[in-house]
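Step one of this worksheet: look at the structure below.
We did not get these values from a lab; they are worked out from the coordinates using the rules stated. In this text the structure is predicted, and so the values were computed from the model without any measurement. When we count neighbours, we look across all protein chains shown, and the Cβ atoms used for this are built from the backbone with ideal geometry, even at glycine.
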Amino acid sequence: MAAAPVIIQLGGQKYVYAADMKVITLTRNASTSAKSLRAGSNVDYQVPVGKLFKGLEFTLTSQVTGSVTAYITDETSANTANPSNMFVEAESTEYQSIKFNCEYDVAAAHYVGVEGVSASALVTLVGIEMDA
């Protein structure tokens, strides 16, 4: 009898696990200067050649009194966050977190940029790296 498939449930979606898949958490403290999200190695995350990163769960946590707005972008170079490349924007208030599902594919060789529009925030994007 064949083994039951392993299911990854993330961001309101279900995926049948394949050997090419890796769940990755990208995070960074966002400020009013552009940065790239980082993976566990604390290095700017660049989608490897031949892969794509499917961003699925976004969390924004305010680190200040008052509200904070931040956005994440799909970029071709590190430490940039051009608003015209934005795929998620959110606002949170006074040390609160907002979390929601999203679905966006970041192509090979691209970075995920982040910028806090108004103040400091912690931004997290969880997704799946897989073959393109």
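Specify the residue that is nearest to VAL117 (Cα to Cα); the eligible residues are those in the range 18-60 that are without any contact (Cβ under 8 Å) to a residue 60 or more places away in the chain and of a type in the set (S, T, N, Q). So the residue we want is ASN42. Residues in the range 1-17 that are touching a residue at least 24 places away in the same chain (Cβ under 8 Å) and surrounded by fewer than 12 Cβ atoms within 10 Å (Cβ to Cβ): GLY12 only. Of all the listed residues (ALA121, ALA70, ALA81, ALA108), the sole one being touching a Pro at 6+ places or on another chain (Cβ under 7 Å) and in contact (Cβ under 8 Å) with a residue 40 or more places away in the chain is ALA108. Just a yes or no: is a residue in the range 98-113 within 14 Å of LEU26 (Cβ to Cβ) and small (Gly, Ala, Ser)? Within the range 98-113, one or more residues are within 14 Å of LEU26 (Cβ to Cβ) and small (Gly, Ala, Ser). In the range 30-112, counting only strands (runs of 3 or more DSSP E) that sit wholly within it, the ones holding 2 or more residues that are crowded, with 18+ Cβ neighbours inside 10 Å and touching a helix residue (DSSP H, G or I) at 6+ places or on another chain (Cβ under 6 Å) span 67-75.
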